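What follows is a short report on a single structure.
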Amino acid sequence: DVKVTQSSRYLVKRTGEKVFLECVQDMDHENMFWYRQDPGLGLRLIYFSYDVKMKEKGDIPEGYSVSREKKERFSLILESASTNQTSMYLCASSTSGSRGGTQYFGPGTRLLVL
Amino acid sequence: GNSVTQMEGPVTLSEEAFLTINCTYTATGYPSLFWYVQYPGEGLQLLLKATKADDKGSNKGFEATYRKETTSFHLEKGSVQVSDSAVYFCALSLYNNNDMRFGAGTRLTVKP
């Protein structure tokens, strides 16, 4: 069965802290994605990666960075957390090059920045 | 740009009621269209999809038909259950699934 896991379901951090969110997929997918989900705004793409060490900015990359050292793992880093980064963060993965292909999502990490 | 607009919620229905959630899209080409569902405390999962005009996607009693002439992909179910309570997202993808665009989501609550 397809599986995307995220390291934490809930996180509470303080303003200015460095925050790491980790995502692991077991489907040998080339693509991995980080979204944030906010009420009324749907999902907005932060970054995606189409291969190890490769990344592309999404719609809202400011204040975030990513790391993909292994195919199965994609990390989202908040260099200096701010209160406006309080949100639900969703990781997803997919195979490459497939028109009509689906993305598979993890359960999400709800981050609260105080 | 490419985008999806779906009806605002929340939507509250009684069990066995008919459901429609409207979704319209704007795209520069011919996208693939999707409905994803997010149950409480979970990530999104694919509910159904259609990749070309007049295709009908269906799953778990839900249906949606890709209408190019009205640029729409409305989600319908004839008789909802309490277990259908969730947030529903319409989405499109133009070239491959790296370019997926999601709507704002519609929260559905079904009461017994």
Open item on the list: Given R₀ = 35 Å, what would the calculated FRET efficiency be for A:Arg14 paired with A:Val52, taking r from the Cβ atoms and rounding to 0.05?
Closed with: 0.60
Task: chain B, relative contact order in percent, only Cα pairs under 8 angstrom and at least six apart counted - done: 37
TODO: Provide a whole-number value for the mean count of partner chain Cβ atoms within 10 Å of the Cβ atoms in peptide B:92-103.
DONE: 6
Task: Size of electric dipole in the range A:1-84: Cβ of Lys, Arg +1 and of Asp, Glu -1, about Cα centre, debye, nearest 20 - done: 260
TODO: Using only Cα atoms, locate the centre of the range B:4-52 and the centre of the range A:20-49, then give the distance between them in Å, rounded to an integer.
DONE: 19
Open item on the list: Sort A:Leu114, B:Leu94 by Cβ crowding within 10 Å, fewest neighbours at the top.
Closed with: A:Leu114, B:Leu94
TODO: Evaluate E = 1/(1 + (r/R0)^6) for B:Thr5 and A:Glu79, where r is the Cβ-Cβ distance and R0 equals 45 Å; express this FRET efficiency to the nearest 0.05.
DONE: 0.85
TODO: May I ask you to list the residues of the range B:56-97 whose amide nitrogen lies under 12 Å from a point 7 Å from Cα along the Cα→beta-carbon direction of B:Asn22?
DONE: B:72-75
TODO: Treat each spin label as a single point 7 Å out from the Cα along the C-beta direction, and report the B:Ser58 to B:Tyr95 distance in nm.
DONE: 3.5
Task: Packing-based exposure ordering (other Cβ within 10 Å, fewest first) of B:Leu108, A:Leu11, B:Leu75 - done: A:Leu11, B:Leu108, B:Leu75
TODO: Hey, for a label at B:Thr109 modelled as a point 7 Å past Cα toward Cβ, could you say which residues of the range B:79-96 have their backbone N under 19 Å away?
DONE: B:80-89
Task: Residue-averaged beta-carbon neighbours from other chains (10 angstrom radius) around B:40-46 - done: 6
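Bear in mind that the values in this text are calculations on the coordinates, not laboratory data. Everything numeric here is computed off the predicted structure, so don't read it as measured data. All Cβ positions, even for glycine, are placed from backbone atoms using ideal geometry, and neighbour counts span all protein chains on display.
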